[in-house]
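Asks: Just passing along the structure, written as structure tokens.
The values are calculated or read from the model by the stated rules, or taken from the named source; none is laboratory data. Being a predicted model, the structure only gives us computed values, none of them experimental. Reconstructed Cβ throughout: ideal geometry from the backbone, glycine too, with neighbour counts over all protein chains shown. Each accessible area value is taken on the protein alone, full model and side chains, heavy atoms only, with ligands, DNA and RNA left out. Shrake-Rupley method; radii C 1.70, N 1.55, O 1.52, S 1.80 Å.
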Amino acid sequence: MSIAFIDLQAQRRRLGPKLEESILSVVRSGQWILGPAVKEFEEKLAAFCGAKYALGCANGTDAVALPLMAWGVGEGDAVFCPSFTFAATAEIVPWVSATPVFVDVTAGTYGIDPQHLEKSIEAVKREGKLKPKAVIAVDLFGQPADYPALSAIAKKHGLKVIADSAQGFGCTLHGKHPIEWADAVTTSFFPAKPLGCYGDGGAVLTNNSEDLALMRSYAVHGGGGDKYDNVRIGMNSRLDSIQAAILLQKLAVFADEIVMRNQAADRYAKGLAGHVLQAGTVIAGGCSTWAQYTIEHEDRDGLAAALKEAGVPTAIYYPRPLHQQTAYKAFPQGPGGLPNTDAAANVVISLPMHADLDAPTQDVIIGAVAAFRPAARRTA
Ligand SMILES: *Cc1c(COP(=O)(O)O)cnc(C)c1O
């Protein structure tokens with residue numbers, strides 16, 4: 001038996017022939033660009049998370065860029081974001097000529113740390129070189145950031161909030177989706193994300209109709225009234241009709257899949273207790289979509305090697321946070337640096353997680369983790 005890290009083929013089999021039929025229906029319709037499937041999906045996606053509007057786009061990276069473009073964030077502006085995230089979160093900030101300022105995360109749950117965020121905003125204000133404009137919070141590994149705290153700080157300092165929910169679309173905090181607090185929520189439909197398609201795709205959610213109109217314009221060449229009226233410098237970022245048709249099928253079962261992922265997470269938590277520094281941990285009041293099941297282990301690399309030997313695939317998100325990367329190390333950090341980020345990068349390891357993960361397979365994985373003895377303990 002080979003164990004998959006994320007078993008998308010099992011999901012495809014579970015969804016049955018309807019999914020492939022929906023692809024063919026778009027092929028046959030000839031409405032390949034911005035066809036009816038895109039509109040229907042945008043409406044259903046917005047409804048799923050209680051947002052007024054959704055705008056499909058080409059990928060989750062463009063999705064983070066679009067609100068910054070709509071808000072006119074640019075040269076001389078500071079955008080606060082974590083370093084413990086996928087590169088796309090910070091990458092789009094210099095794209096719009098603004099400067100990312102790296103903020104530390106909260107130990108154990110990895111959301112942007114509200115206290116360090118406030119210190120970072122104050123430090124940038126004191127220095128007076130950059131103008132604080134926006135915060136990008138990340139729903140890392142599927143769980144919501146501490147939105148009540150960080151949105152209060154953002155409001156106090158006049159900053160907009162983006163929830164980069166590429167890994168966490170569908171997550172909630174105290175029963176509410178991030179759109180409750182964020183000015184824009186973005187997501188990615190990259191296949192391995194909790195709500196993924198069969199290629200690239202992304203979306204932005206908003207409750208603001210003016211932002212929506214601006215983002216729609218930026219996403220299609222800065223269009224004005226008609227197709228050949230260009231009123232701003234935009235880009236070409238559309239959600240593909242075939243991907244929208246696939247996503248409609250997947251969205252229909254997504255709520256059930258979140259339940260299935262949480263059942264698997266609970267099973268891991270019980271089985272791993274006492275064998276790891278920390279099993280997967282969610283912020284109080286949060287419900288995660290478990291894009292990753294990330295644990296902490298003192299001998300993370302030893303555990304990865306032992307699990308590989310036992311046929312259990314693992315992954316490390318993220319071994320080198322962005323502020324340690326060549327392309328990003330020159331950008332500023334909040335006061336005192338990023339100790340929780342540096343510490344997390346040394347101990348995190350992610351185990352297989354997907355909605356179709358069955359109990360016997362999980363027992364093999366849990367057994368392999370439990371059987372591992374770190375070098376330090378072996379000699380003791
Ligand atoms: C995957 C991801 C993105 C980017 O999504 P793409 O669709 O691959 O462009 C952005 N932010 C985070 C946190 C992600 O995990």
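Asks: In the Gaussian network model of the chain, springs joining C-alpha atoms below 10 Å, which of PRO82, PRO335, PRO17 carries the largest mean-square fluctuation?
Replies: In the Gaussian network model the winner is PRO17.
Asks: From Cα pairs below 8 angstrom and at least 6 apart in sequence, can you work out the relative contact order of the stretch 18-151, rounded to a whole percent?
Replies: After rounding, I find 20 percent.
Asks: Relative contact order of the chain, please, whole-number percent, based on alpha carbon pairs below 8 angstrom and at least 6 residues apart.
Replies: 23
Asks: Cα centroids of the stretch 264-331 and the stretch 1-56: how far apart, whole angstrom?
Replies: That distance is 29 Å.
Asks: Right, here's the next one. Rounded to the nearest 0.05, what FRET efficiency is calculated for LYS119 and ALA327 with R0 set to 30 Å and r the Cβ-Cβ distance?
Replies: Result of the calculation: an efficiency of 0.75.
Asks: Averaging over all projection directions, find the projected area of the Cα convex hull of the chain and quote it in nm² with one decimal place.
Replies: 19.6
Asks: Checking the a/c ratio against 1.5 first, then a/b against b/c, what shape does the Cα gyration tensor give for the stretch 231-370?
Replies: Note, shape of the stretch 231-370 comes out oblate.
Asks: Follow-up question, since we're still on this one. Can you give the net charge of the other residues whose Cβ lies under 15 Å from the Cβ of ALA264, counting K and R as +1 and D and E as -1?
Replies: -3
Asks: In the stretch 1-107, with Lys and Arg counted as +1 and Asp and Glu as -1 at Cβ, which of these residues, PRO100, LEU45, GLN11, has the Cα nearest the positive end of the dipole, that is, farthest along it?
Replies: Going by the charge dipole, the pick is GLN11.
Asks: A further question on this structure: Expressed as a fraction of 2.2 N^0.38 Å, the rule-of-thumb size for a compact globular protein of N residues, what is the C-alpha radius of gyration of the stretch 82-128?
Replies: The reported ratio for this selection is 1.22.
Asks: State which helices in the chain qualify, where a helix is a whole DSSP H run, it must extend 27 Å or more along its own axis by its Cα atoms, and its mean Kyte-Doolittle hydropathy must be at least 0.0.
Replies: Counting only whole DSSP H runs, the qualifying helices are 241-272.
Asks: Can you give the FRET efficiency for ALA359 and ALA255, using 1/(1 + (r/R0)^6), R0 = 22 Å, r = Cβ-Cβ distance, to the nearest 0.05?
Replies: So, using R0 = 22 Å, E works out to roughly 0.55.
Asks: Would you mind checking the stretch 269-297 for residues with the amide N under 11 Å from a putative spin-label position 7 Å along Cα→C-beta of ALA192?
Replies: Only 292 fall inside the zone, counting backbone N under 11 Å.
Asks: Run the quick spin-label model on ALA213 and ILE316: label points 7 Å from Cα toward the beta carbon, then report their separation in nm to one decimal.
Replies: It works out to 5.0 nm between the two label points.
Asks: Compute the Cα gyration tensor for the stretch 159-212, then decide on rounded, prolate or oblate, letting a ≥ b ≥ c be the square roots of its eigenvalues: rounded whenever a/c is under 1.5, prolate when a/b is larger than b/c in the other cases, and oblate in all that remain.
Replies: Oblate is the answer for the stretch 159-212, as a/c is 1.5 or above yet b/c matches or exceeds a/b.
Asks: Next question. What is the percent carbon and sulfur in the accessible area of the stretch 1-108, measuring with a 1.4 Å probe over the protein chains and ignoring ligands?
Replies: Carbon plus sulfur share of accessible area: 57 percent.
Asks: Work out, step by step, the length gained on full extension between ASN236 and LYS176: first 0.36 nm times the residue separation, then minus their alpha carbon distance; give nm to one decimal.
Replies: 18.4 nm
Asks: With +1 assigned to the C-beta of every Lys and Arg and -1 to the C-beta of every Asp and Glu, and no other charges, what is the dipole magnitude of the chain about the Cα centre in debye, to the nearest 20?
Replies: Once rounded to the nearest 20, the dipole reads 120 debye.
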